[in-house]
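The next block holds one structure in the form of structure tokens; read it before the comments.
The values are calculated or read from the model by the stated rules, or taken from the named source; none is laboratory data. Here the structure is a predicted model, which means the values were calculated and not measured. Cβ atoms come from the backbone with ideal geometry, glycine included; neighbour counts cover every protein chain shown. Accessible surface is based on the protein model in full, side chains and every heavy atom, while ligands, DNA and RNA are left aside. Shrake-Rupley method; radii C 1.70, N 1.55, O 1.52, S 1.80 Å.
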Amino acid sequence: MHDFLRGARPHLLGLMLAAFCLGSAAQDYPSRPIQMVVPFAAGGGLDLNARNLAEAMSAQLGQPIAVANRDGAAGTIGLNAVAGARADGYTLAFTPAVPLSSEPHRLKSLAYGLDSFRYVCQVFDNIFAIAVPGNSSYRRIDDILADARKDPGKVNYGTSGTGSIPHLGTSDIEATAKVTLTHVPYKGDAPMLQDLLSERLGFGAVLVSSITGHLNSGALRLVAVYADRRHPSFPDVPTLKERGINVTYSVWRGYVTSSATPPAIAAELAKRLEAAAKKPGFLDAMAKAGFDTTWVGQAEFQKLIEEEDKLITTLFAGEDFMVSEPNRG
């Protein structure tokens, strides 16, 4: 072996040493604390997901997990930091779909793209729904569509912003059902919910996990969900497909890290995350909070994002969603 190495070409020797170092690094991983970047503010549903999973994940990895909220600019500030972080597996982002799906199509100046990340896993499949005030006359999605057909543009609805997944999903409802609705974009769910609760909106397109308290109190009701299955916590609420509207959307939440992170380290990270996400205590806590835990591994997660990107590219074609600066609300 010694004679072979001495006679090997320099570039071949370099490749062998690099492979050895990467293998050794993966075996030792993790040897120090990991930073989990959450690209939205503390206190929200995403932050709750991240902190609960960080606790379970820390026990699996044997290292502390530090949650860092890098919020602003619709999640793009946090993801930009992870894209440019050292590619050693010690900095990762726990992110929803928007900063990776719609924002790269909207923002001219965005520094990252889909190829800036290595996709580790999906942990949640967050279902969003059409929600109405508790005393609304709308009992089913059919009632909303009937009103919209009678008076095009009369029915208004709110979302967390232009180009958001709820906006795209509801635009699909308009196209499929051949109706005209009036979109009212907000800077996040919180201000939209204030107007929905005050009955200034006909309905809101919103994540179910964001309004569990309002649903349990009766202040809001669900009339349909955008997912391909009913929400486990609200099994009496039909899907849009069940009501004859062929529209299906969901909002994943998962982990990404820098694209240059060694595959062996990303695979080890995915394996430990899977074990953490499938712990009964974690699953029970998330179910009570209204979250649907859905594990998707590396290859399938990347394929999901690539297919979603193709879909959103088509949806954005011809639409005036492109802006110079992100929504910073």
Count of the range 188-204 residues which are in contact with a strand residue (DSSP E or B) (Cβ under 8 Å, 6 or more places away or on another chain) and part of a helix (DSSP H, G or I): 6
Residue 48, sole failed condition from (1) in a loop (DSSP other than H, G, I, E, B); (2) closer than 28 Å to residue 203 by Cβ; (3) open to solvent by 10 Å² or more (accessible area, probe 1.4 Å): (1)
Selection count where residues are under 26 Å from residue 208 (Cα atoms), touching a helix residue (DSSP H, G or I) at 6+ places or on another chain (Cβ under 6 Å) and either without any contact (Cβ under 8 Å) to a residue 40 or more places away in the chain or of a type outside the set (A, V, I, L, M, F, W, C) (or both), scope the range 259-297: 3
Scope the range 200-219; condition touching a residue at least 60 places away in the same chain (Cβ under 8 Å), in contact with a Gly (Cβ under 6 Å, 6 or more places away or on another chain) and open to solvent by less than 50 Å² (accessible area, probe 1.4 Å); matching residues: 204, 208, 209, 212, 218, 219
Matching strands (runs of 3 or more DSSP E) fully within the range 95-161 where at least 2 residues are basic (Lys, Arg), within 21 Å of the chain's Cα centre (by Cα) and closer than 22 Å to residue 207 by Cβ: none
Residue satisfying condition, being part of a helix (DSSP H, G or I), crowded, with 17+ Cβ neighbours inside 10 Å and on the phi > 0 side of the Ramachandran plot, within set 56, 81, 74: 74
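Regarding the range 228-236, can at least one residue be identified that is within 20 Å of the chain's Cα centre (by Cα) and either buried (at least 23 other Cβ atoms within 10 Å of the Cβ) or modelled with pLDDT of 95 or more (or both)? Spell out how you get there, then give the answer.
Of the residues in the range 228-236, the ones within 20 Å of the chain's Cα centre (by Cα) are 228-233.
Filter once more, keeping what is either buried (at least 23 other Cβ atoms within 10 Å of the Cβ) or modelled with pLDDT of 95 or more (or both): none.
Scanning the range 228-236, I find no residue that is within 20 Å of the chain's Cα centre (by Cα) and either buried (at least 23 other Cβ atoms within 10 Å of the Cβ) or modelled with pLDDT of 95 or more (or both), so the answer is no.
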Options 180, 170, 176; residue that is surrounded by fewer than 18 Cβ atoms within 10 Å (Cβ to Cβ) and assigned to a helix (DSSP H, G or I): 176
